[in-house]
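Inspection log for the structure reproduced underneath, given as structure tokens.
The values are calculated or read from the model by the stated rules, or taken from the named source; none is laboratory data. Keep in mind that what you see is a predicted model, and the values were worked out from it rather than measured. Here the Cβ is made from the backbone with ideal geometry for all residues, glycine too, and neighbour counts use every protein chain on show.
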């Protein structure tokens, strides 16, 4: 088996390295080690609890969305397409986070990477929605925390 990467994987890996350079540079203050440890210990529990609590809401939303999807196009092609795109992104982010959850408890780097992909998916969603404030502020905070705790995950 070859170790050849797809162009998308190469771009994502390059993006990851560039973000890591920026976040871990000396010009941006690092989180204290004890804060990183607390985040790594508590984050999977908060994610698990929030997913359990939100499960009925998520299932209802997808059920209602399945019924509402055809009618969303009555508001115009742009509105219907935007609604469909948001559903796809939401499903992708939830799926990635659910898959990552067991690995987050075990502090596996592969789980961290899934959370990174979920964050990137969220940023792309915000870009498609033209949510520039969420893209810049939410993206900066999310990526900062994500890359600050990266060293706590091992292969």
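Would you be able to say whether some residue in the stretch 107-120 is at pLDDT below 90, closer than 18 Å to residue 12 by Cα and touching a helix residue (DSSP H, G or I) at 6+ places or on another chain (Cβ under 6 Å)?
First, pick out the residues of the stretch 107-120 that are at pLDDT below 90: none.
For the stretch 107-120, residues at pLDDT below 90, closer than 18 Å to residue 12 by Cα and touching a helix residue (DSSP H, G or I) at 6+ places or on another chain (Cβ under 6 Å): absent.
Looking only at residues of the stretch 26-37 that are within 15 Å of residue 151 (Cβ to Cβ) and without any contact (Cβ under 8 Å) to a residue 12 or more places away in the chain, we find that the one that is surrounded by the most Cβ atoms within 10 Å (Cβ to Cβ) is 35.
Here residue 155 passes the criteria (1) in contact with a strand residue (DSSP E or B) (Cβ under 9 Å, 6 or more places away or on another chain); (2) over 28 Å from residue 31 (Cβ atoms) except the one numbered (2).
Condition first: in a loop (DSSP other than H, G, I, E, B) and within 20 Å of the chain's Cα centre (by Cα). Now tell me which residues in the stretch 1-44 satisfy that.
Of the stretch 1-44, the ones in a loop (DSSP other than H, G, I, E, B) are 1-6, 24-32.
Matches in the stretch 1-44: 24 only.
Considering the stretch 117-155, the residues that are over 19 Å from residue 85 (Cα atoms) and in a loop (DSSP other than H, G, I, E, B) include one that is farthest from the chain's Cα centre (by Cα), namely 155.
Cβ-Cβ distance below 6 Å, separation of 6 or more or different chains: which pairs start in the stretch 13-25 with a residue that is within 17 Å of residue 123 (Cβ to Cβ) and end on one that is modelled with pLDDT of 90 or more? Cβ pairs passing all conditions: 19/143; 20/147; 23/144; 23/147.
Just to be sure, is residue 96 over 18 Å from the mean Cα position of the chain (by Cα), modelled with pLDDT of 90 or more and surrounded by 14 or more Cβ atoms within 10 Å (Cβ to Cβ)?
Values: over 18 Å from the mean Cα position of the chain (by Cα): no; modelled with pLDDT of 90 or more: yes; surrounded by 14 or more Cβ atoms within 10 Å (Cβ to Cβ): yes.
When the stated conditions are applied, residue 96 does not pass them.
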